[in-house]
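> After the structure tokens below, expect a handful of questions from me.
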Amino acid sequence: MSKPQLFILEMPFIDPAMGDSQWFCADCALIEGALTLNPHWQDGITVKRIPFEKPRREVVDLLGEDNQWLPVLIRDGEPPLTDPVAIATWLAQTYGGASPHP
């Protein structure tokens with residue numbers, strides 16, 4: 001089995017449709033914070049920070065054109081997780097460490 005792959009946006013980013021302001025993705029920021037609190041998770045997964053621009057080819061190649069929403073955790077033989085709380089909860093249950101408070 002290959003390592004689960006976690007895709008999150010490189011931040012901050014510029015959304016050309018919104019001018020030249022810098023932005024961050026709140027869901028991806030939650031994941032970045034969870035990774036900071038639980039750096040050992042990165043021993044068990046591959047974290048890929050990718051640009052905001054679409055198409056997000058690496059994600060498209062794995063999940064299809066209609067499934068470029070980030071963050072996403074891709075696991076062998078399991079449905080992808082896109083909810084940041086579900087991602088962090090799964091990572092904590094699988095690798096130990098701090099989990100989101102219910």
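The values are calculated or read from the model by the stated rules, or taken from the named source; none is laboratory data. This structure is a prediction, so every number in the text was calculated from the model and none was measured. As a convention, Cβ positions derive from the backbone with ideal geometry for all residues, glycine included, and neighbour counts pool all protein chains shown.
> Taking region 1-20 as the search range and keeping residues that are among the hydrophobic types (A, V, I, L, M, F, W, C) and in contact with a Lys or Arg (Cβ under 6 Å, 6 or more places away or on another chain), which one is surrounded by the fewest Cβ atoms within 10 Å (Cβ to Cβ)?
At the first step, the residues of region 1-20 found to be among the hydrophobic types (A, V, I, L, M, F, W, C) are 1, 6-9, 11, 13-14, 17-18.
Next, only the ones that are in contact with a Lys or Arg (Cβ under 6 Å, 6 or more places away or on another chain) stay: 7-8.
Numbers: Phe7: 25, Ile8: 23.
The extreme case among them is Ile8.
> Still on this model: Quickly run through region 55-102 and pick out the residues that are surrounded by 14 or more Cβ atoms within 10 Å (Cβ to Cβ), among the charged types (D, E, K, R) and closer than 11 Å to Phe7 by Cβ.
Arg56
> Return the total of residues in region 88-102 being touching a residue at least 40 places away in the same chain (Cβ under 8 Å) and under 10 Å from Ala34 (Cα atoms). First the steps, then the outcome.
So the first thing to find is which residues in region 88-102 are touching a residue at least 40 places away in the same chain (Cβ under 8 Å), and the list is 88, 91-92, 94-98, 100.
Adding the requirement that they be under 10 Å from Ala34 (Cα atoms) leaves 88, 91-92, 97-98, 100.
Looking only at that region, the number is 6.
> Six or more apart or on different chains, Cβ under 6 Å: which pairs go from a residue in region 1-26 that's within 22 Å of Leu63 (Cα to Cα) to one that's of a type in the set (Ser, Thr, Tyr) and at pLDDT 95 or above? Could you list them?
Note: pairs meeting the criteria are Lys3/Thr46; Gln5/Thr46.
> Would you please list the contacts, defined by Cβ atoms under 6 Å and residues six or more apart or on different chains, that run from a residue in region 34-58 that is under 15 Å from Ile74 (Cβ atoms) to a residue that is at pLDDT below 95?
From region 34-58, the pairs are Arg56/Gln68.
> For region 21-47, how many residues are within 14 Å of the chain's Cα centre (by Cα) and either crowded, with 17+ Cβ neighbours inside 10 Å or closer than 21 Å to Ser99 by Cα (or both)?
Total satisfying the criteria: 17.
> So, one more: Could you please tell me which pairs satisfy a Cβ distance under 8 Å, a separation of 6+ or placement on different chains, a first residue in region 68-85 that is at pLDDT 95 or above, and a second residue that is of a type in the set (D, E, K, R) and assigned to a loop (DSSP other than H, G, I, E, B)?
Note: pairs meeting the criteria are Leu70/Arg56; Leu81/Arg75.
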